[in-house]
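Encoded as structure tokens, the structure appears first; notes follow it.
The values are calculated or read from the model by the stated rules, or taken from the named source; none is laboratory data. As the structure is a computational prediction, the values presented were derived from the model and not from experiment. Here the Cβ positions follow ideal geometry from the backbone for every residue, glycine too, while neighbour counts run over all protein chains shown.
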Amino acid sequence: MSISMDTVSYWLAFGAIGMSLGSLAILALTSKLRDADRHHGYVALAITLIAATSYFAMWQNVGNITVNGHTLQLARYIDWTITTPLLLFSLLAVGLPSIKSSKSAWTTGGLLVALIGLDIFMIVTGLIASVVNTDQQMPWYVFSCLALVVITLLLYNTVYKLSKKLLKPAASKLYINLTVFLTIIWVAYPVVWILGDTGTSTISTVSENMAYAILDITAKVGFGLLLIAGLMDLTGKIKPKKDVSTIDAAAK
């Protein structure tokens with residue numbers, strides 16, 4: 001099934017423009033953050049800029065290949081391989097104080113490595129499911145979904161418990177709010193995949209690309225804006241010293 005670019009291109013353009021405008025908004029808000037907190041905004045900006053480039057590439061039909069009669073958008077998987085680990089890094093940067101100030105440095109570092117490793121595994125197995133023969137897809141799809149389940153359990157259980165232990169309630173609340181927002185969106189991705197062209201072809205290619213564009217903008221631009229807004233609110237509550245980040249100042 002080939003992609004009809006006269007219809008799909010609308011949603012790819014929507015993604016590229018939405019990510020670009022979102023990047024400008026995140027950049028403007030980042031400039032209002034304290035110097036010690038701007039790294040949060042820079043990571044959020046990197047995520048949306050990478051996604052904007054990915055959507056522009058797909059819009060220009062760069063990296064599209066045909067596998068087993070299906071059009072595979074390689075730029076999308078490259079985007080996810082880079083930006084989803086950055087989103088997890090952003091979550092941990094909010095949920096836990098920096099390693100140098102944390103009494104559980106090894107635990108914090110280990111969680112970050114585990115989450116990023118599982119995340120890359122999730123994307124790679126999803127990519128493999130997209131390129132193998134139809135009768136071989138399901139095991140790879142299940143592996144990818146299982147990785148998402150483990151990531152979610154780690155975020156809600158291990159990381160959240162550690163966050164409540166190391167941070168004041170207002171900071172750990174910001175972490176869990178962002179986690180709920182992100183994971184609800186992430187759960188929708190495997191649903192779109194299995195219904196889309198690389199899965200069962202239950203929905204049209206246009207609907208698949210529309211769903212991904214809306215999910216991506218919400219997960220990346222929406223997350224970045226909520227993170228910065230939440231951090232600004234937390235700064236007002238914590239009132240950190242000049243050279244201390246808000247999250248570190250919220251450490252118990």
Helices (runs of 4 or more DSSP H) (entirely within the stretch 88-197) containing at least 1 residues that are in contact with a strand residue (DSSP E or B) (Cβ under 7 Å, 6 or more places away or on another chain) and under 20 Å from SER245 (Cα atoms)
160-166
Going through the stretch 1-57 in order, the residues found to be at pLDDT 95 or above and either of a type in the set (Asp, Glu) or touching a Cys at 6+ places or on another chain (Cβ under 7 Å) (or both) are ASP35, ASP37
Filtered residue count, the stretch 60-84, keeping only those that are modelled with pLDDT under 95 and in a helix (DSSP H, G or I):
0
Report yes if some residue within the stretch 1-24 is closer than 24 Å to LEU178 by Cα, more than 20 Å from the chain's Cα centre (by Cα) and not in a helix (DSSP H, G or I); otherwise report no.
no
Of all residues in the stretch 202-218 being more than 13 Å from SER54 (Cβ to Cβ) and touching a Leu at 6+ places or on another chain (Cβ under 8 Å), the one that is surrounded by the fewest Cβ atoms within 10 Å (Cβ to Cβ)
THR202
Determine if the stretch 238-246 includes at least one residue that is within 20 Å of LYS164 (Cα to Cα), part of a helix (DSSP H, G or I) and either at pLDDT 95 or above or of a type in the set (Lys, Arg) (or both).
yes
For residues in the stretch 173-193 being more than 20 Å from ALA44 (Cβ to Cβ), touching a residue at least 24 places away in the same chain (Cβ under 8 Å) and surrounded by 17 or more Cβ atoms within 10 Å (Cβ to Cβ), which is farthest from the chain's Cα centre (by Cα)?
TRP193
Given (1) surrounded by fewer than 17 Cβ atoms within 10 Å (Cβ to Cβ); (2) closer than 27 Å to LYS168 by Cβ, number of the condition GLY63 does not satisfy
(2)
Being surrounded by fewer than 18 Cβ atoms within 10 Å (Cβ to Cβ) and more than 16 Å from the chain's Cα centre (by Cα) is the filter here, so list the residues in the stretch 129-152 that pass it.
VAL131, VAL132, ASN133, THR134, ASP135, GLN136, MET138, PRO139, VAL142, PHE143, LEU146
Quick check on the stretch 108-128: of everything there that is crowded, with 17+ Cβ neighbours inside 10 Å and at pLDDT below 95, which residue is farthest from TYR77 (Cα to Cα)?
THR108
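Of all residues being touching a helix residue (DSSP H, G or I) at 6+ places or on another chain (Cβ under 9 Å) and without any contact (Cβ under 8 Å) to a residue 24 or more places away in the chain in the stretch 234-252, which is surrounded by the most Cβ atoms within 10 Å (Cβ to Cβ)? Just the residue, please.
ALA249
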